[in-house]
Amino acid sequence: MAEKIDKKSKPNKPKKKNQKNRFRVNTKTEGKRGTVFIGSEDPFLYFPDMMSYFDRPEIEEIKLKARGKSISNAVNVAEQFRNRFKNEIESEVKEVSIGTEDVPKKDKKGTFRMSFIEITLVPSKKDDDN
């Protein structure tokens, strides 16, 4: 019997091997504050950007911002950063603020309310008086 040939199928295109989309952390700098927007990705993806902010002399604090389901991830990022890098960069939580904000819908017809958290980290002051 003859095999059926599907006329609608497209010719096979060569696939690129092992090509992954590289995740890019969304950050912003305002004056003396660096802001890192936290999503649902692995906390370790945010650490390099946070460390580079603390290495810059003009940045005095880092603000972690998260909305909705990413709030718990923002808390994990802040705590893991403080605990894992305490030898390289000592930091402490300066302020935590929570609230609700209006977020535009994807179809751009109106807004909806979503919870958020902002965690502000600052470098710890070392006592060199000893």
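The values are calculated or read from the model by the stated rules, or taken from the named source; none is laboratory data. Every value quoted in this text rests on a predicted model; they were computed, and no experiment measured them. In this analysis, Cβ positions are derived from the backbone assuming ideal geometry, glycine residues included, and neighbour counts consider all displayed protein chains.
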Original post:
Which pairs have Cβ atoms under 6 Å, sit 6 or more apart or on different chains, and link a residue in the stretch 31-49 that is more than 11 Å from Ile59 (Cβ to Cβ) to one that is buried (at least 16 other Cβ atoms within 10 Å of the Cβ) and small (Gly, Ala, Ser)?
Top reply: Ile38/Ala66; Ile38/Ser70; Ile38/Ala74; Gly39/Ser70; Ser40/Ser70
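Return the only residue of Thr29, Thr35 being of a type in the set (S, T, N, Q) and at pLDDT 90 or above.
Working: Thr29 fails: at pLDDT 90 or above.
It is Thr35.
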**OP:** Take the residues in the stretch 58-84 that are crowded, with 16+ Cβ neighbours inside 10 Å and among the charged types (D, E, K, R), then tell me which one is farthest from Phe116 (Cα to Cα).
**Re:** Arg82
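Can you spot a residue in the stretch 41-57 that is over 17 Å from Ser115 (Cβ atoms), assigned to a helix (DSSP H, G or I) and over 17 Å from the mean Cα position of the chain (by Cα)?
Taking the stretch 41-57 as the starting set, the residues that turn out to be over 17 Å from Ser115 (Cβ atoms) are 41-57.
Those still in the list that are assigned to a helix (DSSP H, G or I) too: 43-45, 47-55.
This time we only want the ones that are over 17 Å from the mean Cα position of the chain (by Cα), so: 55.
Yes, the stretch 41-57 has at least one match.
Which count do you get for residues in the stretch 55-111 that are of a type in the set (Lys, Arg) and closer than 16 Å to Thr35 by Cβ? Full working, then the answer.
Just the residues of the stretch 55-111 that are of a type in the set (Lys, Arg), to begin with: 56, 63, 65, 67, 69, 82, 84, 86, 94, 105-106, 108-109.
Going one step further and asking which of them are closer than 16 Å to Thr35 by Cβ, we end up with 56, 63, 65, 67, 94.
Matching residues across the stretch 55-111 total 5.
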Original post:
When residues of the stretch 32-57 are filtered for being touching a Phe, Trp or Tyr at 6+ places or on another chain (Cβ under 7 Å) and exposed (fewer than 13 other Cβ atoms within 10 Å of the Cβ), how many remain?
Top reply: 0
**OP:** Six or more apart or on different chains, Cβ under 9 Å: which pairs go from a residue in the stretch 108-123 that's on the phi > 0 side of the Ramachandran plot to one that's of a type outside the set (Gly, Ala, Ser) and assigned to a strand (DSSP E or B)? Could you list them?
**Re:** Gly110/Pro104
Original post:
Somewhere in the stretch 112-122, is a residue outside any helix (DSSP H, G or I), modelled with pLDDT of 90 or more and surrounded by fewer than 10 Cβ atoms within 10 Å (Cβ to Cβ)?
Top reply: yes
Original post:
Which of the residues spanning the stretch 85-111 are surrounded by 11 or more Cβ atoms within 10 Å (Cβ to Cβ), assigned to a loop (DSSP other than H, G, I, E, B) and of a type outside the set (D, E, K, R)?
Top reply: Phe85, Ile89
